[in-house]
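See structure below.
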Amino acid sequence: MTTTMPEAVPGTAMTKTETEAETRGWWSRRPWLHIFLGGLGLWVATVVVTFATANANLVPTIILLGSFLVPVTFVTWAFGHADQVVTAQRIFTAFVYGGVLGVLGASVLEAAFLRQPSGLAYVGVGLIEEAVKLAALWLLARRLGRYTMRDGIVLGAAVGFGFAAFESAGYAFNALFTAGGPSLLNLVETEVLRGILAPVGHGLWTAILGGTLFGVAARRGRLRLSGAVLGSYLLVALLHGLWDASQQIAVWLTLVLTGTRVQWLLIQLGRAPEVTGAQVHLFTALSWGLLALDALLGALILRRRWRRATAPERPGTLVAPFPVSVERG
């Protein structure tokens with residue numbers, strides 16, 4: 001005799017995923033934290049062993065782990081807040097393909113259009129790098145079945161953090177080589193600094209841009225350029241340019257506030273003036289203050305976009321013609 005399971009009462013049954021989410025503890029529900037702590041432990045152990053043994057074979061491990069640890073951690077966290085249409089495979093593709101295409105495109109365009117350093121070079125870098133990341137995101141998302149602002153933020157973050165990971169690996173590799181020979185200390189310092197700043201850089205900017213792009217696509221049914229997308233692009237390019245120019249702006253502000261007549265005359269003659277200890281401290285404070293202000297503005301903009309993307313439907317609004325997905329994580 002065959003027995004059948006009783007039908008579940010609509011609205012009362014829990015899916016397997018929901019049941020597991022209820023039974024799992026705080027630690028189990030945060031895979032991104034597992035990745036970060038485990039990866040950080042491996043990176044620190046590799047650095048210690050390399051300093052102790054002077055084994056150059058471990059240098060690539062330091063570069064790769066240090067460059068990818070924070071970006072991968074944040075992408076894993078973001079994936080837990082995406083809609084069901086964004087799969088792990090799509091996130092991985094956006095991270096790798098988007099990052100590599102962004103780095104390659106930025107290198108080609110910057111070599112072609114920014115050959116001479118100038119005050120406008122920082123604006124040009126921001127415009128070029130954000131444009132190539134937008135193009136990479138567009139290319140990877142053109143065949144999605146549907147678009148939501150939340151998915152745009154998550155996929156944009158994946159592209160931006162992929163770009164940041166590959167770019168950080170390049171900076172770390174360059175920091176290894178100094179006039180006095182290879183410097184492991186320079187390499188480690190570069191990795192630590194870029195790891196700390198990674199969450200408020202490329203991933204943040206492209207997440208803002210991706211949210212706007214997908215928000216427009218959700219209303220239009222397809223990806224398209226619009227005034228909102230162009231405005232968001234110019235906004236993140238400005239944030240990017242100000243971030244890159246923070247040290248030069250800090251130098252200028254320091255001289256405006258504390259510069260002497262002799263220092264200004266030497267600058268006009270093309271010579272580097274001697275600076276005082278007070279000016280060094282002021283420059284450091286201004287430089288980090290500008291970075292913090294830039295990061296705060298970007299974080300506030302993204303937070304506002306995320307709240308709009310996750311806001312519940314208002315009464316009386318039309319319901320979208322597709323099933324509502326359950327947030328993961």
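The values are calculated or read from the model by the stated rules, or taken from the named source; none is laboratory data. What you see is a predicted model, and the numbers here were worked out from it, not measured in a lab. Note that we place each Cβ from the backbone using ideal geometry, even for glycine, and neighbour counts take in every protein chain shown. Ligands, DNA and RNA are excluded from the accessible area calculation, which covers all protein heavy atoms including side chains. Shrake-Rupley method; radii C 1.70, N 1.55, O 1.52, S 1.80 Å.
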Problem - Scope the range 280-316; condition touching a helix residue (DSSP H, G or I) at 6+ places or on another chain (Cβ under 8 Å) and at pLDDT below 85; matching residues - result: A309, T310
Fill in the blank from the handout: Residues in the range 58-68 that are within 22 Å of L204 (Cα to Cα) and open to solvent by 20 Å² or more (accessible area, probe 1.4 Å) total 3
Completion exercise
Here the residues within the range 174-211 that are in a helix (DSSP H, G or I), open to solvent by 40 Å² or more (accessible area, probe 1.4 Å) and more than 18 Å from G102 (Cβ to Cβ) are N174, L185, N186, E189, V192, L193, I196
Problem - Hits in the range 16-57 - residues which are open to solvent by less than 70 Å² (accessible area, probe 1.4 Å) and modelled with pLDDT under 50 - result: E18, T19, A21
Exercise for the section: For the range 136-144, indicate whether the set of residues that are among the basic types (K, R), in contact (Cβ under 8 Å) with a residue 12 or more places away in the chain and either crowded, with 20+ Cβ neighbours inside 10 Å or within 17 Å of L204 (Cα to Cα) (or both) is non-empty. Expected result: no
Problem - Those residues of the range 87-103 which are hydroxyl-bearing (S, T, Y) and closer than 8 Å to L140 by Cβ, in sequence order - result: T93, Y97
